[in-house]
Every structure is written in structure tokens, then in C-alpha cells.
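Accompanying notes for the structure given below.
The values are calculated or read from the model by the stated rules, or taken from the named source; none is laboratory data. Quick caveat, the model's predicted, so the values are computed rather than measured. Cβ atoms come from the backbone with ideal geometry, glycine included; neighbour counts cover every protein chain shown. Surface accessibility is based on the protein's heavy atoms, side chains included, excluding ligands, DNA and RNA. Shrake-Rupley method; radii C 1.70, N 1.55, O 1.52, S 1.80 Å.
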Amino acid sequence: RLKTKLGKIVRGNGAVATVQRRKLPTCRCRCSKCISFTMISFLLMVNKQGQTRLSSYYAWLPMAERVALESEIIRKCLSRSELQCSFLEYRGYKVVYRRYASLFFIVGTRPDAGAGPGAENNENELGMLEFIHMLVETMDKWAGSICELDIMYQLEQVHFLLDEMVMNGYIVETNKSNILKPIDLMERESRKDEGMFR
């Protein structure tokens with residue numbers, strides 16, 4: 001589907017997109033000690049009862065640690081009132097969440113491993129909220145009005161959609177039509193009698 005060559009992504013249609021790490025300076029000098037990299041460590045979609053409907057991890061964690069981290073973060077996010085802000089820090093992660101209807105979208109970020117030990121997480125919380133909103137809008141455009149059942153019964157397509165937006169923990173695409181184009185192509189091809197996916 002995608003081939004990566006020297007920081008460039010070559011899509012199937014020949015379009016080339018350049019992927020660069022975002023540098024977030026913590027001071028004006030922009031020296032190598034002051035620049036840190038952040039990435040999305042995980043993304044969770046959870047219902048009001050605390051059941052995970054989709055989880056996508058971009059940093060390796062052992063399964064036992066994933067389960068423990070997931071349950072603790074879900075419990076913390078669900079227990080907060082609507083009057084509290086949508087950001088919290090937990091175990092070195094900066095967690096940003098937002099509720100849409102019966103679903104909670106939770107994104108966790110952590111400084112990149114290349115930033116060194118003790119690096120500060122300078123991720124913009126409002127930028128992560130905007131990413132969550134853009135994800136929901138893209139899913140709404142794809143499935144009408146997105147709900148929990150759409151995610152449960154079309155989990156593979158939701159993963160495809162998410163993979164078009166986030167690669168290796170970095171947001172690479174935000175254009176809704178570019179994100180939905182490959183998914184529409186797969187759906188059209190699967191409807192044909194002698195389709196490629198039959």
C-alpha cells in the first residue's frame with residue numbers, strides 16, 4: 001500500500017508526501033538539547049461502560065502493561081466530570097480525551113525515545129483535541145453518523161482509516177478526501193462481481 005523511501009511516502013497513485021519529525025523547541029536557542037520529539041503512543045476508543053472498542057498502540061508495551069495502563073486511564077477519564085478539562089498526565093503520558101455521544105476518544109503522547117531520558121512532553125493538547133475532532137469528522141463522513149456499532153462491525157475499515165491518518169505514531173494525513181479515497185476504492189472493488197478482493 002505505502003512504500004517509504006528516505007523520509008518520503010510514495011502512495012499507490014504515485015503521489016509523494018514528505019514525512020518529517022516535528023521539532024518542538026523548548027527555548028529560543030533551538031540547540032539539540034532543547035529540541036524534543038513527541039509522538040502519539042496510543043489511541044483508544046471506549047464506550048461509556050469502559051469497554052474498549054478500538055485500541056491502537058504506536059510504541060511497544062508488554063501485554064500485561066497495556067491492559068493495566070488501559071484500564072487505569074479509562075477509569076480516570078470516565079470518572080472525570082464534564083466541568084474538568086480534557087487533559088491529564090499519568091505515568092509520564094500526556095492523555096487527551098474527548099467524548100462524542102457514547103464514545104470516548106483517548107490519545108496518549110509521550111516524548112520520543114530519541115529525545116533522551118527526562119525529556120519534557122511539549123505536545124500541544126489543543127492540537128491533539130483537534131486531531132480527535134478531525135478523526136471523528138472523517139469517520140462521520142465515511143459512515144454517516146459514527147456510533148459504537150460502526151466501530152464494532154467494521155473494525156478493519158476503522159483501522160484502515162486510522163492507518164491512513166497516523167503512521168508510526170506521527171500524524172501524516174489530515175485531508176478527509178485523501179484519507180477516504182483508499183477505503184472507498186476497497187469498498188467499490190469488493191462490490192464488483194470479479195473484484196480484486198474476492
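Overview of values
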item	result
For segment 129-176, the spread of Cα positions along each principal axis, largest first, Å	27, 19, 16
Where only alpha carbons of segment 44-198 are counted, the Rg and the Dmax (Å)	16.7, 57
Förster radius 25 Å - calculated FRET efficiency between LEU185 and HIS133 (Cβ-Cβ, nearest 0.05)	0.45
Average accessible surface area per residue within segment 43-182, 1.4 Å rolling probe, Å²	51
Pair ALA143, GLU65: separation of 7 Å Cα→Cβ label points (nm)	3.0
Backbone N within segment 129-147 under 14 Å of label point (7 Å from ALA101 Cα along the Cβ vector)	136-147
